[in-house]
1. Condition (residue is closer than 25 Å to residue 106 by Cα, open to solvent by 80 Å² or more (accessible area, probe 1.4 Å) and without any contact (Cβ under 8 Å) to a residue 12 or more places away in the chain) applied to region 35-48: is it met by at least one residue?
2. Can you find even one residue in region 62-82 that is part of a helix (DSSP H, G or I), modelled with pLDDT of 90 or more and buried (at least 17 other Cβ atoms within 10 Å of the Cβ)?
3. Which one of the conditions (1) open to solvent by less than 50 Å² (accessible area, probe 1.4 Å); (2) modelled with pLDDT under 90 does residue 146 fail to meet, given that it meets all the rest?
4. If I ask for residues that are open to solvent by less than 90 Å² (accessible area, probe 1.4 Å) and assigned to a helix (DSSP H, G or I), which ones from region 21-34 would you list?
5. Considering only residues that are small (Gly, Ala, Ser) and surrounded by 13 or more Cβ atoms within 10 Å (Cβ to Cβ), look in region 99-143 and name the one that is farthest from residue 33 (Cα to Cα).
6. For residues that are within 12 Å of the chain's Cα centre (by Cα) and of a type in the set (Asp, Glu), scanning just region 110-138, find the one that is nearest to residue 31 (Cα to Cα).
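The values are calculated or read from the model by the stated rules, or taken from the named source; none is laboratory data. As the structure is a computational prediction, the values presented were derived from the model and not from experiment. Here the Cβ positions follow ideal geometry from the backbone for every residue, glycine too, while neighbour counts run over all protein chains shown. Each accessible area value is taken on the protein alone, full model and side chains, heavy atoms only, with ligands, DNA and RNA left out. Shrake-Rupley method; radii C 1.70, N 1.55, O 1.52, S 1.80 Å.
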Amino acid sequence: MDAHGHERFREFVETRSSALLKTAVLLSGGDRHAAEDLLQNALIKAAGRWQRIDEPEAYVRRILYRQQVSRWRLKWRRRELTVAEPPEGTGGSDASSAAELRIVMRGALARLTARQRTVLVLRYFEDLPEADVARILGCSVGTVRSTTHRSLARLRALAPELAALGPADVEQQPSRDYSPVEVRP
């Protein structure tokens, strides 16, 4: 890699690594150390082909997804991630409700299989259409649909409290009565 390519790669890593790390954390089930390893390996692979890459971020994201797929295909023994149970709902502010939702969601995602988690991340976090997810994962669109359906069902079964943390927990503002007022001359 020449000096100009090296500078472009360094700038890319500085500007995009935090967004890529968020995706890697979701793909790895909340394990930050595994996510950092996943991202580091993806960046090493991208650096080797940097001069020939047209869209660097898309290229690195594809490497992340494919590495995660390879990890679950190798059938490595999955380490359990222990998470503290979220406190009971206090009916507090919106910020605490959002924090509770994040804690519950992270724990539930960690309990899914790597394949289920990857499909949900690609479909809902990355907002990719089913055809793109199928292409990235090397499977059919029908497989993506059935895996998405089963993953969402398992997510609901693992964390039924997610339904309780929805809009119902947000304090309801009293509705205003906008009925016309009679004006007398």
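1. Yes, region 35-48 has at least one match.
2. Taking every residue of region 62-82 in turn, at least one turns out to be part of a helix (DSSP H, G or I), modelled with pLDDT of 90 or more and buried (at least 17 other Cβ atoms within 10 Å of the Cβ).
3. Here residue 146 clears every test but (2).
4. 21, 23, 24, 25, 26, 27, 34
5. Taking region 99-143 as the starting set, the residues that turn out to be small (Gly, Ala, Ser) are 99, 107-108, 110, 114, 131, 134, 138, 140, 142.
If we keep only those that are surrounded by 13 or more Cβ atoms within 10 Å (Cβ to Cβ) too, we end up with 99, 107-108, 110, 114, 134.
On the way: 99: 22, 107: 16, 108: 18, 110: 14, 114: 16, 134: 27 Å.
Here the residue is 134.
6. Restricting to residues being within 12 Å of the chain's Cα centre (by Cα) and of a type in the set (Asp, Glu), the top hit is 126.
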